[in-house]
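Values quoted throughout were computed directly from the atomic coordinates according to the rules given, and no laboratory measurement underlies them. Keep in mind the model is a prediction, meaning the values are calculated, not measured. Glycine also receives a Cβ, built like all others from the backbone with ideal geometry; neighbour counts cover every protein chain displayed.
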Amino acid sequence: MPDVTLYYYPKCTTCRRARRFLGELGAQVTERRYFADLPAEDEIRKLASLLPGGVRDLVSTRSRRFREMDLEGRDLSDEEWTRLLAREPGLWRRPVAVRGHRAVVGFDPEAYRDLLR
């Protein structure tokens, strides 16, 4: 049974769908409830290193928090994004599924199947 860490927000419908889908695929899922236990900057950097777009792949540009913070069009460095994500869970794209040295952001059934191969 493959082990997957799922950065997860229980109130998010998409997160719950992803959790259920991974379970149906036979994954042993460890939930990482990042709203309750914010990841440290080092953890975010490690996670970002698994993504093609780096830390920017973790930022939800459609989130209410993104708009509230007036981040549209701001040219922030990777370190600035990392610091923001470490203190603002509402900025995260979700869910984030991690297995080994690979990660998938968002709910993409085909990408999840690939992640478990």
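Values for this structure:
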| read-out | value |
| --- | --- |
| Selection status of LEU91, without any contact (Cβ under 8 Å) to a residue 60 or more places away in the chain and either among the aliphatic types (A, V, I, L, M) or touching a helix residue (DSSP H, G or I) at 6+ places or on another chain (Cβ under 8 Å) (or both) | yes |
| Count of residues meeting criterion [farther than 18 Å from ASP3 by Cβ and out of contact with any Leu (no Cβ under 8 Å at 6 or more places or on another chain)] in region 89-117 | 7 |
| Restricting region 83-102 to residues that are within 17 Å of ARG45 (Cβ to Cβ) and among the charged types (D, E, K, R), the residue that is surrounded by the fewest Cβ atoms within 10 Å (Cβ to Cβ) | ARG87 |
| Scope region 6-38; condition under 11 Å from the mean Cα position of the chain (by Cα) and either surrounded by 17 or more Cβ atoms within 10 Å (Cβ to Cβ) or closer than 17 Å to LEU84 by Cβ (or both); matching residues | LEU6, TYR7, TYR8, TYR9, CYS15, ARG32, TYR34 |
